[in-house]
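The values are calculated or read from the model by the stated rules, or taken from the named source; none is laboratory data. Keep in mind it's a predicted model, so treat the numbers as computed, not measured. Here Cβ is always computed from backbone atoms with ideal geometry, including for glycine, and neighbour counts include all displayed protein chains. Note: accessible area is taken over every heavy atom of the protein model, side chains too, but ligands, DNA and RNA are not part of it. Shrake-Rupley method; radii C 1.70, N 1.55, O 1.52, S 1.80 Å.
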Amino acid sequence: MKESFEIAGGSVLGREHRLKEKNNQDAYAWFFSEKAIVGMVADGCGDPNCPHSEVGAKIGLAIAAKKLMETVVFEGEKYDWPKILETVRQ
């Protein structure tokens, strides 16, 4: 499957963040196997009391995407999404 897809990611610092000299808290992650490709994006929190929230967004998203990849379950040709999402949520 991985030979059939090209994946690229990126994020652009928004105008408000640029004017206030704030960092970019957006994050993205992806994982792939022979059976599935998982991609996720996150919009980090811009709380001024959390100066390094981009780190949490990137780490949290990487953990969630990896867990989602590990949890993908096939039932015939259908995914058991309620089970998968509940496992990732926990």
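If a residue has to be open to solvent by 60 Å² or more (accessible area, probe 1.4 Å) and under 15 Å from Ala64 (Cβ atoms) to count, how many in region 18-36 make the cut? Write out each step before concluding.
Restricting attention to region 18-36, the residues satisfying the condition of being open to solvent by 60 Å² or more (accessible area, probe 1.4 Å) are 18-22, 28, 30-32, 34-35.
Going one step further and asking which of them are under 15 Å from Ala64 (Cβ atoms), we end up with 28, 30-31.
Selection size over region 18-36: 3.
Looking at Arg15 and the list (1) at pLDDT 85 or above; (2) under 15 Å from Ala64 (Cβ atoms), which single condition is not satisfied?
Unmet condition: (2).
Hey, can you tell me all the residues within region 76-90 that are at pLDDT 85 or above and of a type in the set (Asp, Glu)?
Glu86
Could you grab the pairs with beta carbons closer than 7 Å, sequence gap of 6+ or different chains, first residue in region 12-29 and closer than 11 Å to Ser53 by Cβ, second one charged (D, E, K, R) and in a strand (DSSP E or B)?
Matching pairs, first to second residue: Asp26/Asp43.
Among the residues of region 34-47, is there at least one that is without any contact (Cβ under 8 Å) to a residue 12 or more places away in the chain, out of contact with any Pro (no Cβ under 8 Å at 6 or more places or on another chain) and over 28 Å from Trp81 (Cα atoms)? Full working, then the answer.
To start, the set of residues in region 34-47 that are without any contact (Cβ under 8 Å) to a residue 12 or more places away in the chain comprises 47.
Filter again for out of contact with any Pro (no Cβ under 8 Å at 6 or more places or on another chain), leaving 47.
Now narrow it down to the ones that are over 28 Å from Trp81 (Cα atoms): 47.
Yes, that holds for at least one residue.
Can you find a residue that is modelled with pLDDT under 75, open to solvent by 50 Å² or more (accessible area, probe 1.4 Å) and not in a loop (DSSP other than H, G, I, E, B) anywhere in region 58-75?
Taking region 58-75 and keeping what is modelled with pLDDT under 75, we get 73-75.
Those left that are additionally open to solvent by 50 Å² or more (accessible area, probe 1.4 Å): 74-75.
The next check asks that each one be not in a loop (DSSP other than H, G, I, E, B); those that pass are 74-75.
Yes.
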